[in-house]
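Undergrad: Next up is a structure, given as structure tokens.
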Amino acid sequence: MTRVIIITGAGSGIGQGTALTFAERGDWVVAADIDLTAAQRTLAGTTQPSAHMAVRCDVSDESSVQKMVANVLARYGRIDVLVNNAGILISKPLHLTSWPEWQRILNTNLGSVYLCSAAVLPTMLAQKAGAIINIASPHSFATTTNIAAYAASKGGVVALTRQMAMDYGRLGIRTNCVVPGAIDTAMLRSDIAHGDGVEASLAGWARVQPIGRVGQPADIAHVIHWLAGPDAAFVLGAAIHADGGMLAQLTPATD
Ligand code: NAI
């Protein structure tokens, strides 16, 4: 049976890499993104684009999410895996974060996990099977200065992952999250596009990650693919660190 995989934020970065990985390995991919053209571009990189589905979906909007899931069910009739990947970043301290900015970050990064999961759960519960993989962040566990809303949203993702694992594990649905380190994507590049410039900042990230390099979307996509499959059948409620050792270090190595 061919699995049906919904990946949010599949138009760029980690979501794009994840869509390509699942498609290459024989699954049907639903590339959901607020930017439909970007989602279509991702699928154009697969060997059989017409087997997959690109959908415009704003993951922070309930009716948009419900419409996306209804379209997926109308076409494929099942949903095996949901990857809650779409996210946005604003680097500001709390007192400079406006209420609309706070709401936009929380709704996109955490509200989306609620909305998309709530929309697919009736189907997964009826199937008595499913896997939900949320994308957290090192900021879920430790942090740097000036990233209040993002850190709060990603802390919430880990808490909600645990909760969903408790509530649905016995019913055949495994919920886990992945904690990526610094991954070379549009999000990281736009966050560091100041000061020393992007290439110098990327080199800086490579130095502070004990593995000695910045991650690529495929580094995370492969972990997501494993978590979604039978080899991870006993993994539930976990936060899998795929961060090049970032959270393992107390201070960066000096040599
Ligand atoms: P990216 O900016 O390259 O891609 C994000 C995608 O999400 C874009 O295609 C964008 O159009 C889409 N998107 C944004 N808002 C949306 C909405 N409301 N509805 C639907 N789609 C929307 O970002 P990247 O780096 O690939 O990030 C993916 C996830 O990984 C995010 O949750 C991010 O917080 C997380 N992450 C990324 C890290 C990194 O270093 N790049 C590190 C740790 C976590």
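Bear in mind these aren't lab numbers, they're just calculated from the coordinates by the rules spelled out. A quick note: this is a predicted structure, and the numbers were derived from the prediction, not measured. Don't worry about glycine lacking a Cβ; one is built from the backbone with ideal geometry, like all the others, and counts go over all protein chains shown.
Undergrad: About the Cα centre of the stretch 111-255, how large is the charge dipole given +1 on each Lys and Arg Cβ and -1 on each Asp and Glu Cβ? Please answer in debye to the nearest 20. Before the final figure, lay out the partial values.
TA: Values: 8 positive and 9 negative charges, 107 e Å.
Result for the stretch 111-255 is approximately 520 debye, rounded to the nearest 20.
Undergrad: Stretch GLN249-ASN71 to full length: gain in nm at 0.36 nm per residue minus the Cα-Cα span?
TA: Length difference between fully extended and current span is 59.6 nm.
Undergrad: Could I ask something else about it? Roughly how many debye, to the nearest 20, is the charge dipole of the stretch 1-98 about its Cα centre, given +1 on each Lys and Arg Cβ, -1 on each Asp and Glu Cβ, and no other charges? If you can, show how the numbers build up before the last one.
TA: Working: 8 positive and 8 negative charges, 23 e Å.
Taking the Cα centre of the stretch 1-98 as origin, the dipole is about 100 debye.
Undergrad: Can you pull the Rg over Rh of the chain, Cα-only, Kirkwood?
TA: Details: Rg = 17.6 Å, Rh = 18.4 Å.
That ratio is 0.96, to two decimals.
Undergrad: Sticking with this structure for a sec: Can you tell me the convex hull volume per residue for the stretch 105-255, based on C-alpha atoms, in Å³ to the nearest whole number?
TA: Values: hull volume 17.9 nm³, N = 151.
For the stretch 105-255, the hull spanned by Cα atoms encloses 119 Å³ per residue.
Undergrad: Taking only C-alpha pairs under 8 Å that are 6+ residues apart, what is the relative contact order of the stretch 1-127 in percent? Please list the in-between numbers first.
TA: On the way: 213 pairs, mean separation 32.5, N = 127.
It rounds to 26 percent for the stretch 1-127.
Undergrad: May I ask you to derive the relative contact order of the chain, considering only C-alpha pairs under 8 Å and at least 6 residues apart, and to give it as an integer percent? Before the final figure, lay out each step's value.
TA: Working: 509 pairs, mean separation 48.8, N = 255.
Reported as a whole number, the value is 19 percent.
Undergrad: Follow-up. Let me check I've understood the local charge: for ALA32, count other residues with C-beta under 10 angstrom from its C-beta, Lys and Arg +1, Asp and Glu -1. What total comes out?
TA: Details: positive: ARG56; negative: ASP33, ASP58.
In short, -1.
Undergrad: So, one more: Taking Cα centroids, how far is the stretch 11-49 from the stretch 147-165 in Å?
TA: Answer, in whole Å: 25.
Undergrad: Please report the spacing between the Cα centers of the stretch 75-110 and the stretch 200-228 in Å, no decimals.
TA: When both Cα centres are located, 21 Å separates them.
Undergrad: Round to the nearest 0.05 the FRET efficiency obtained for THR2 and ARG189 when R0 = 41 Å and r is the Cβ-Cβ distance.
TA: On the way: r = 34 Å, r/R0 = 0.84.
Computed FRET efficiency for THR2 and ARG189 comes out at 0.75.
Undergrad: Continuing with the same structure: Going by C-beta contacts inside 10 Å, put ASP27, ASP191, ASP33 in order with the fewest on the left. Please report the intermediate quantities before stating the final value.
TA: Working: ASP27 21, ASP191 17, ASP33 28.
Ranked by crowding around the Cβ, least crowded first: ASP191, ASP27, ASP33.
Undergrad: Which helices pass in the chain if a helix is a full DSSP H run, must span at least 18 angstrom along its long axis by Cα, and must have mean Kyte-Doolittle hydropathy not below -0.5?
TA: On the way: long enough: 62-76 (21 Å, 0.01); 112-127 (22 Å, 1.31); 148-168 (30 Å, 0.31).
Span-like helices in the chain: 62-76, 112-127, 148-168.
Undergrad: Given the Cα atoms of the stretch 35-165, and with Rh set as the inverse mean 1/r over their pairs in the Kirkwood sense, what is Rg to Rh to two decimals?
TA: On the way: Rg = 16.1 Å, Rh = 16.0 Å.
A ratio of 1.01.
Undergrad: List the residues, sorted by chain then number, that are 5 or more residues from ILE173 or on another chain and whose placed amide H is less than 5 Å from its amide H.
TA: Long-range HN contacts for ILE173: none found.
Undergrad: Regarding the stretch 166-253, what are the three Cα extents along the principal axes, ordered largest first, in Å?
TA: In descending order, the Cα extents are 50, 27, 21 Å.
Undergrad: Determine the equivalent ellipsoid of the stretch 1-59 by diagonalising the alpha-carbon gyration tensor, then write out the semi-axes as square roots of 5 times the eigenvalues, largest first, rounded to whole Å.
TA: Taking √(5λ) for each eigenvalue gives 16, 11, 10 Å, largest first.
Undergrad: Identify which of ALA32, ALA126, ALA86 has the largest mean-square fluctuation in a Gaussian network model of the chain, with springs joining Cα atoms closer than 10 Å.
TA: Between ALA32, ALA126, ALA86, it is ALA126 that shows the largest mean-square fluctuation.
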